[in-house]
1. Give, rounded to the nearest 20 debye, the magnitude of the charge dipole that the chain has about its Cα centre when Lys and Arg contribute +1 at Cβ and Asp and Glu contribute -1 at Cβ.
2. For the pairs Lys16/Lys77; Lys19/Lys77; Lys86/Lys188; Lys86/Lys186; Lys16/Lys105; Lys42/Lys170, flag any whose C-alpha to C-alpha distance is greater than 19 Å.
3. Among Lys42, Lys105, Lys170, which one shows the highest mean-square fluctuation when the chain is modelled as a Gaussian network with alpha-carbon springs under 10 Å?
4. Using a 1.4 Å probe on the protein heavy atoms only, what accessible surface does His136 show? Give it in Å² to the nearest 10.
5. With θ set to phi - 60°, apply the Karplus curve 6.51 cos²θ - 1.76 cosθ + 1.60 along the stretch 68-76 and write out the HN-Hα couplings as whole Hz, x wherever there is a Gly or Pro.
6. With a cap of 13 neighbouring Cβ atoms within 10 Å, and only residues DSSP puts in a loop, list the GluC sites (Glu not before Pro) found in the stretch 59-125.
7. Pick out, from Tyr99, Pro3, Val147, the residue whose Cα sits farthest towards the positive end of the charge dipole of the chain, with +1 on the Cβ of Lys and Arg and -1 on the Cβ of Asp and Glu.
8. How large a share of the accessible area of the chain, in percent, is made up of carbon and sulfur atoms when the probe is 1.4 Å and the other protein chains stay in place?
Amino acid sequence: MKPYTIDFDLLTGICKSGKVQPVQRRVSQMKMQFADPEAAQKAIDSGDPVLYEFSTLLNDEKKGTLAFGSTIIYPGKIGDEYYMTKGHFHTILDSAEVYYCLSGKGFMMMETPEGDVDLQEVHPGEALYVPGRWAHRSINHGTEPFVMLFVYPGDSGHDYGTIETKGYRKLVVERDGKPVMIDNPKWK
Ligand code: PA5
Ligand code: NI
């Protein structure tokens, strides 16, 4: 493999050269992850908006490589729950990840299999270190797109199944115009 460069816009995170194609996730792909599936269905019926998109350079996905890219979580809510990513553990559980916020603001909701929970707010110019073993989900509680760059070991893999079946222990919802962390009533 040869060295290369790639562009990511400093504010929007978008790769304008088209060297990497974004993957979009819409409400219909995450209906059951939201606390209020009826609100999710309503959003699906009225155009199925894009919740977030991310552009990842996977490189070889071998030990020693790095995968990296940008992620954009759009502002909005499903019921009183903010737009968010699916979230995942890494398949190689102890694989860490670094995020760097370019614009907007948001939370990273994290939890370990043992039940530790951590919520960090990130702003432009701040980096977040997600240690191995911590599942991670980005949540946009702001009014602008929440944009981050990320880097993780190329062989990490994504385990979505655990979060899809169990959900996260905690959710972030809006109460009186402010974000609050609550217990997930559907957590198994
Ligand atoms: O590896 C990461 O954590 C990111 O690249 C995410 O994959 C990206 O933000 C999209 O989230 P998810 O993979 O949970 O849908
Ligand atoms: Ni990850």
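The values are calculated or read from the model by the stated rules, or taken from the named source; none is laboratory data. Treat the numbers as computed from the prediction; the structure is a model and nothing was measured. All Cβ positions, even for glycine, are placed from backbone atoms using ideal geometry, and neighbour counts span all protein chains on display. Ligands, DNA and RNA are excluded from the accessible area calculation, which covers all protein heavy atoms including side chains. Shrake-Rupley method; radii C 1.70, N 1.55, O 1.52, S 1.80 Å.
1. 280 debye
2. Listed pairs above 19 Å: Lys16/Lys77; Lys19/Lys77; Lys16/Lys105; Lys42/Lys170.
3. Lys42
4. 0 Å²
5. 7, x, 10, 9, 10, 9, 7, x, x
6. Glu61, Glu114
7. Ranked along the dipole, the leading option is Pro3.
8. Of the solvent-accessible surface of the chain, carbon and sulfur hold 55 percent.
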